[in-house]
1. For region 39-51, give me the residue count where each residue is touching a Lys or Arg at 6+ places or on another chain (Cβ under 8 Å) and surrounded by 16 or more Cβ atoms within 10 Å (Cβ to Cβ).
2. In region 49-69, what residues are touching a residue at least 24 places away in the same chain (Cβ under 8 Å) and either in contact with a Leu (Cβ under 7 Å, 6 or more places away or on another chain) or outside any helix (DSSP H, G or I) (or both)?
3. Looking at K15, K72, can you tell me which residue is farther than 23 Å from I142 by Cα, modelled with pLDDT under 80 and assigned to a helix (DSSP H, G or I)?
4. Name the single residue, out of those in region 82-99 being closer than 13 Å to L37 by Cα and either part of a helix (DSSP H, G or I) or not aromatic (F, W, Y) (or both), that is modelled with the highest pLDDT.
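The values are calculated or read from the model by the stated rules, or taken from the named source; none is laboratory data. As the structure is a prediction and not an experimental result, all values here were calculated from the model. Glycine gets a Cβ as well: all are built from the backbone with ideal geometry, and neighbour counts include every protein chain shown.
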Amino acid sequence: MRLRFEKNLTVFKKKIMDALNLLKSKGLKRTAQRIMLINILQTKGTSLSENEIKTSMGEMYDRITFYRAVQKLIEMNIIHRIAVDDVTIRYALNNQDESDNTQNPVRFFCKKCNTTFDIKNSPIPDFQLPDGYVSHECEVFIKGICSSCSDKD
């Protein structure tokens, strides 16, 4: 039991250090909200809704501070906002390497387990826009059932 506790504590400390180093590398203040938000997204390893993050934060959650932290982390390209539909917004850690040129990954949302996956190495088609239109970014968002959930059927 003690060995498991020490191992979990070591993992927790490493994640906190990762969050601290990430914020420092971006020149941001290392606030408790930012550290906790990054830590929660790292630990869960998937996109989360505000309510899921709120539950994980417990009493540390403050709505205004949460939105300020989210906005700054999005602005600094640490996390990204995923609009699943008109009502559902999820947040995920931006795990892309800075040297990676695939700025706009293909995302897959599983309607069964509510998990969002970035699909790597999936090229985004070159959409032909009408004359005068200029593309600045493109998001491909696929909704369906992931392999884990389809195996359960």
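1. 4
2. Answer for region 49-69, where residues must be touching a residue at least 24 places away in the same chain (Cβ under 8 Å) and either in contact with a Leu (Cβ under 7 Å, 6 or more places away or on another chain) or outside any helix (DSSP H, G or I) (or both): S49, I53, D62, A69.
3. K15
4. Looking at the filtered set, the residue picked out is R90.
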